[in-house]
């Protein structure tokens, strides 16, 4: 877990969130009110005590009126094209959990180094094997996920789907949604998040 924390610290996500909040003259309570997240959770994120899941980062990005990618990139970078070779994305892997303990999924950005974009492509590994209430998330935007290996159960609102390799889903992410792995092997896929932020 310490390796993961060190990788997250490289992105300085907590510091970026604190700086953006302070630039906007927002208190932690103001940000909590805008995101629907708790003040203690936001404090833990800002102090790098918690690794925030994508849904949490999307809420924060929306509250600031920015794109999600700004949390993962160097502010000075003007790269217009990014090549991520097979295996390179693993070195910058982030892990997230709705419970901030047991890992629900892991994700690795496929757009590191590319600024000013609206889509967020990620490699995803689905680790959770059992449903819990906090695994259903919702946020602004749309998502696409193509399952590459393993099996997952996907829930969207009241609907449930079993996905096999090659299956994909495209959905409105303002509806509660979540995944669990059904196969013995860890399920893997490619997800693309879109947010108008």
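The values are calculated or read from the model by the stated rules, or taken from the named source; none is laboratory data. Given the structure is predicted, the values throughout are model-derived calculations rather than measurements. A quick note on method: Cβ atoms are made from the backbone with ideal geometry, for glycine too, and the neighbour counts reach across all protein chains shown.
Quick check on segment 143-156. Is at least one of its residues buried (at least 19 other Cβ atoms within 10 Å of the Cβ) and at positive phi?
For segment 143-156, residues buried (at least 19 other Cβ atoms within 10 Å of the Cβ) and at positive phi: present.
Take the conditions in contact with a strand residue (DSSP E or B) (Cβ under 9 Å, 6 or more places away or on another chain) and more than 19 Å from residue 36 (Cα to Cα) and apply them to residue 145. Does it pass?
Yes; evaluated as a whole, the condition is true for this residue.
Just to verify a result, which residue in segment 180-197, among those that are part of a strand (DSSP E or B) and in contact with a helix residue (DSSP H, G or I) (Cβ under 8 Å, 6 or more places away or on another chain), is nearest to residue 55 (Cα to Cα)? Spell out the reasoning first.
Initially, segment 180-197 is screened for residues part of a strand (DSSP E or B), giving 180-181, 187-194.
Within this subset, residues satisfying the condition of being in contact with a helix residue (DSSP H, G or I) (Cβ under 8 Å, 6 or more places away or on another chain) are 180, 193.
Values: 180: 16, 193: 10 Å.
Per the stated criteria, the residue is 193.
Take segment 58-70 and flag every residue that is part of a helix (DSSP H, G or I) and either surrounded by 22 or more Cβ atoms within 10 Å (Cβ to Cβ) or modelled with pLDDT of 80 or more (or both).
58, 59, 60, 61, 62, 63, 64, 68, 69
Got a number for residues in segment 124-145 being within 22 Å of residue 112 (Cα to Cα), without any contact (Cβ under 8 Å) to a residue 60 or more places away in the chain and more than 12 Å from the chain's Cα centre (by Cα)?
The qualifying residues number 3.
Mind telling me which of the residues 130, 118 ends up being touching a strand residue (DSSP E or B) at 6+ places or on another chain (Cβ under 7 Å) and at pLDDT below 80?
Criteria check complete, one pass: 118.
Any residue in segment 53-81 that's more than 15 Å from residue 107 (Cβ to Cβ) and in the same structural domain as residue 105 (by TED's automatic domain parsing): show its pairings with residues that are at pLDDT below 85 and outside any loop (DSSP other than H, G, I, E, B) at Cβ separation under 7 Å, as long as the two are six or more apart or on different chains.
none
Out of 176, 121, report the one residue that is surrounded by fewer than 16 Cβ atoms within 10 Å (Cβ to Cβ), touching a residue at least 24 places away in the same chain (Cβ under 8 Å) and closer than 26 Å to residue 67 by Cβ. Explain how you work it out, then say what you get.
Details: 121 fails: surrounded by fewer than 16 Cβ atoms within 10 Å (Cβ to Cβ).
That would be 176, the only listed residue that is surrounded by fewer than 16 Cβ atoms within 10 Å (Cβ to Cβ), touching a residue at least 24 places away in the same chain (Cβ under 8 Å) and closer than 26 Å to residue 67 by Cβ.
What is the number of the single condition among (1) in contact with a strand residue (DSSP E or B) (Cβ under 7 Å, 6 or more places away or on another chain); (2) at pLDDT 80 or above; (3) over 25 Å from residue 49 (Cβ atoms) that residue 159 does not meet?
(1)
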